[in-house]
Amino acid sequence: MNTPNDRRSGLATTRAHSARVYDYILGGKDHFPVDVEAGDAMCRHWPALPVHMRENRRFMHRAARFLAEERGVRQFLDIGTGLPTSPNLHEIVQETAPESHVVYVDNDPIVLAHARALLQSSPEGATAYVDADMHDPGAILDSPDFRELIDLNRPVGLMVIGIMHFILPPDDRRLIKRLLDPLPSGSYLAMTIGTADFAPEEVNRVAEEYRRQNMRMELRDLATTTSFFDGLELQEPGVTQVHTWRPGPEQEGIEGRDIAMYGAVARKP
């Protein structure tokens, strides 16, 4: 997340940003030298980082498909969208239901510029981009785009993918609760959370590199991650490493030590 000073100055090119580092490591082109420097340092600490990041993205694809195809969800709120990398959330869910609505949320000016240019809905559905910070859920829930596209009388898929390890206690649980509270029964939370459970030395070095780049990070173990879903109905197979959540052929041969992310989907009763 950007600081208030970054937000006032527009593009923050003098410090790394998590979305741009992610873009660089996955082979994108929408980043700055400071992001390249940070990404290279992280990959030196843990060469499996690109594999880990790809699997986090693929979890999002499978979770979105599950909600659209098997649970009939037609409205989605995507927190921490990041730089658009096809297939994006609306492309996944509109394959199943072209009438689906997706509201994307991020707070980086580069993401904003690319999202508005590239996140184009099917004619039957709708997409919108909200320029807001997860630390201010009111700015998301009260935004005109959210109110126009999301019907709070119908289930919503809340997607919080690859961002919770940048949300520190005690804000983490409060913010998830604040986003879930207005959503109706039958809504779903799909979330991934970083962990050092499987390659502790390497992943903790990556986390320290993030901190050196002014991106504080909090990794969680399995018990802590699972507790984020208290009061919700976990969908099978529960909380797992992201590559083992309803895996497909793409997940064959992936080593557990190469994945530092838990993921799950849960229903709001």
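Bear in mind these aren't lab numbers, they're just calculated from the coordinates by the rules spelled out. Computed from a prediction, not measured in an experiment: that's the story for all the values here. Every residue, glycine as well, gets a Cβ built from its backbone with ideal geometry; the counts of neighbours run over all protein chains shown.
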- Give me the number: length gained by fully extending Leu112 to Arg211, i.e. 0.36 nm times residue separation minus the C-alpha to C-alpha distance, one decimal in nm. 33.2 nm
- If you build a Gaussian network model of the chain, linking Cα atoms that sit under 10 Å apart, which residue out of Val21, Val203, Val51 swings the most? Val51
- Given only helices, namely DSSP H runs of n ≥ 4 each adding -39500 (n - 2.57), what is the per-residue ellipticity at 222 nm of the chain, to the nearest 500 deg cm²/dmol? -11500 deg cm²/dmol
- Going by a ≥ b ≥ c, the root eigenvalues of the Cα gyration tensor, does region 58-176 fall in the rounded group (a/c under 1.5), the prolate group (a/b larger than b/c) or the oblate group? rounded
- Item | Computed over region 119-269: relative contact order in percent, which uses C-alpha pairs under 8 Å that are six or more apart | 24 percent
- Let me have the relative contact order for region 4-267, percent, based on Cα pairs under 8 Å that are six or more residues apart. 19 percent
- Item | Distribution of pairwise C-alpha distances over region 187-245, 10 Å bins, in % | 20, 45, 27, 8
- Message: Explain nothing, just the number: dipole magnitude of the chain about its Cα centre with +1 on each Lys and Arg Cβ and -1 on each Asp and Glu Cβ, in debye rounded to the nearest 20.
- Response: 280 debye
- Message: So for each of 185-191, 140-146 I average, over its residues, the number of other beta carbons within 10 Å; can you give me the resulting order with the highest mean first?
- Response: 185-191, 140-146
- Message: Given axes a ≥ b ≥ c from the Cα gyration tensor, I'd like to know whether region 41-126 is rounded (a/c under 1.5), prolate (a/b larger than b/c) or oblate.
- Response: oblate
- Message: I'd like the antiparallel share, as a percent to the nearest 5, of DSSP beta bridges with both residues in region 4-267.
- Response: 35 percent
- Message: Under 20 Å from a point placed 7 Å out from the Cα of Glu124 along the Cα-to-Cβ direction: which residues of region 49-86 have their backbone N that close?
- Response: 64-77
- Message: Whole percent per 10 Å bin, from 0 to the bin with the longest distance: what is P(r) over all C-alpha pairs of region 123-244?
- Response: 11, 39, 33, 15, 2
- Message: Please report the equivalent ellipsoid semi-axes of the chain, computed as sqrt(5 x eigenvalue) of the Cα gyration tensor, largest first, in whole Å.
- Response: 26, 22, 18
